[in-house]
Amino acid sequence: MDAAGTEAGGAAGTRAGVADRAAAVAAVGLLVAGALEAWAMLGGLEPARFWDTPSYLHDAVHLARGEVPPLGLRMPGYPAFVALVGGRALDLAQVAGAQAALWIASVVLAYALVRRLTGGLAAALAAGLAALSFVDLLFMAVTIYSETLCLALVCAAALATAAAFTGRTRGAVAGAGLLWAAAALVRPIFLASAGVYLLAALVLALRRALSRRDVALAWAGVAGVVLAMASLNLARAGRLEFSPGAGLSLLNHVGHPAVYRHLPPDQARIREVYERLAAEQGREWIGWWRAVGPLAQVVAPGEAEAAGRLEVTAAEPVAERVALRAIAAVPGGYLRVWAGAAEQLLGRFALQLGWSARPDGPPQWPPGTWQHRAARAAEAAWQVGMPWLSAGALLLPPLALWLRARRRRRHRREDAAGPAGAGAALATLWAIALVNAILSPALEPWAGQMRYRFPIQHLLLGLVVSAAVLSARALRPALGLAGAGEGATGAGVP
């Protein structure tokens, strides 16, 4: 190599070293900022219980004693976390502290995800700072709910996916699959995310972009988790299924007025149940927990009492029977449910900041305190930004990938921002977000629930920022595409 090439390579290495040190400093800064924010906003709050907390604690008590809990509505991931962290006495203060740490970790993981996908420090730092401002999830950290654990697992799985497809970390291919499976043990919708990831990995393996052995291990790991969970449910209830309560979730779909109001005459008794409940409760969208007992009185009177107590073994068959018939009888009903849920999310989005009047509700700061004012200001900002962020998550990534592919064809060279699989990682994460968006209304059609799935905010934020950066780079001239990052990649190339 001539002197000029050596000098260029040395300069590129120096720039890369400076960039790495700056990235490390930024990560430490986010950790410190997250810790200070958690201390300031959560330090005076007691762990809060909410609607689903008792069912989580019920299973956690059994697990803390070393017992398998009876079949219930909850996946075992979060109760196991509560039992592990809280100990036999289930110290909820310890659980809340661990969840606050997981929230801080998810902020740093969001930063690392964007850094991995784009190679840009500014974009990654913007993602991390925006994640810090999402006080909705900050308050959930002291609520005994599964959102914080699931968020950390999803962010870790997304980062592992990017690491696996860029080929920089050994074991990341199998590790990403296991992380998606772990997220599914907390919230089963992420089993679909694991499936999308495995299919993408298989395609890359067939194209020799990934090790076939690593991909086979990833498939085996996820399959092992699924079979173990299904076997447990078979032993507990005689049903070979990954997640208990799938039929109950489908009943949420039937509870939308776009479905039950259009049921045919042979299902008039089902429609009458929903119309009566809507009149009694003053709301049109009826959740399964309100409907399954009255429905059982119509379709399975012998199971009505147990179904009304929400015993899964009795309520699940009733829900499946009603839901499958109703869905088949109302063509296009799902699209109407999806549109209604999307309209709530994009048009009436509101953060869960813990201002509930319920005595067992989420924590709250009294009006007038600086914490209250700060949280309300963040809510106002996110109410404006969330619709645009949601739309960007679904529209920008395909545009970025198309521009990136067109540029690569035109210049016949690799994208600087892109390690070999950066585009594949972005496409896979976008597909996961899209699948979650499609599935969410069938499982939890309320905007309040969808915000944790469509989208998972930190993952969505990473997708939007990454797509925007890749789009901008794809539109720039070939030379100087990625600044210092490209200098390191292309040093010595004639």
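Some observations on this one:
- Placing dummy labels 7 Å off each Cα toward the beta-carbon, the span from Ala339 to Ala220 is 4.9 nm.
- Extension reserve of the Ala405-His372 stretch, reckoned as 0.36 nm per residue once the Cα distance is removed: 7.2 nm
- For the range 185-343, a crude dipole built from +1 on the beta carbon of Lys and Arg and -1 on the beta carbon of Asp and Glu, taken about the Cα centre, is about 600 debye to the nearest 20.
- With R₀ set to 56 Å, the beta-carbon distance separating Thr313 from Ala33 gives a calculated FRET efficiency near 0.70.
- Summing Lys and Arg as +1 and Asp and Glu as -1 over all other residues whose Cβ lies under 15 Å from the Cβ of Gln371 gives a net charge of -2.
- Peptides 366-378, 70-82, 197-209 ranked from most to least packed by the mean count of surrounding Cβ atoms within 10 Å: 70-82, 197-209, 366-378.
- Distant-in-sequence amide contacts of Ala48, defined by a placed amide H-H separation under 5 Å and a gap of 5 or more residues or a different chain, comprise Thr143, Ile144.
- Model label sites at Leu324 and Glu241, defined 7 Å from Cα along the beta-carbon direction, differ in position by 1.0 nm.
- Once the Cβ-Cβ distance of Leu202 and Ala101 is raised to the sixth power relative to R0 = 51 Å, the FRET efficiency obtained is 0.90.
- The packing ranking of peptides 184-193, 41-50, 156-165, 283-292, highest mean first, is 156-165, 184-193, 283-292, 41-50, where packing means the average number of other beta carbon atoms within 10 angstrom of each residue.
- Förster radius 56 Å - calculated FRET efficiency between Gln281 and Val25 (Cβ-Cβ, nearest 0.05): 0.55
- Translational diffusion of the range 295-342, µm² s⁻¹ [Kirkwood Rh, Cα pairs; Stokes-Einstein; 25 °C; 0.890 mPa s]: 208 µm²/s
- Measuring between their Cα centroids, the range 158-201 and the range 101-131 lie 18 Å from each other.
Every number here is computed from the coordinates shown, using simple stated rules; none is lab data. Note that the coordinates shown come from a computational prediction; the quantities given were computed from them, not determined experimentally. Because the Cβ atoms are built from the backbone with ideal geometry, glycine has one as well, and the counts that use them run over all protein chains shown.
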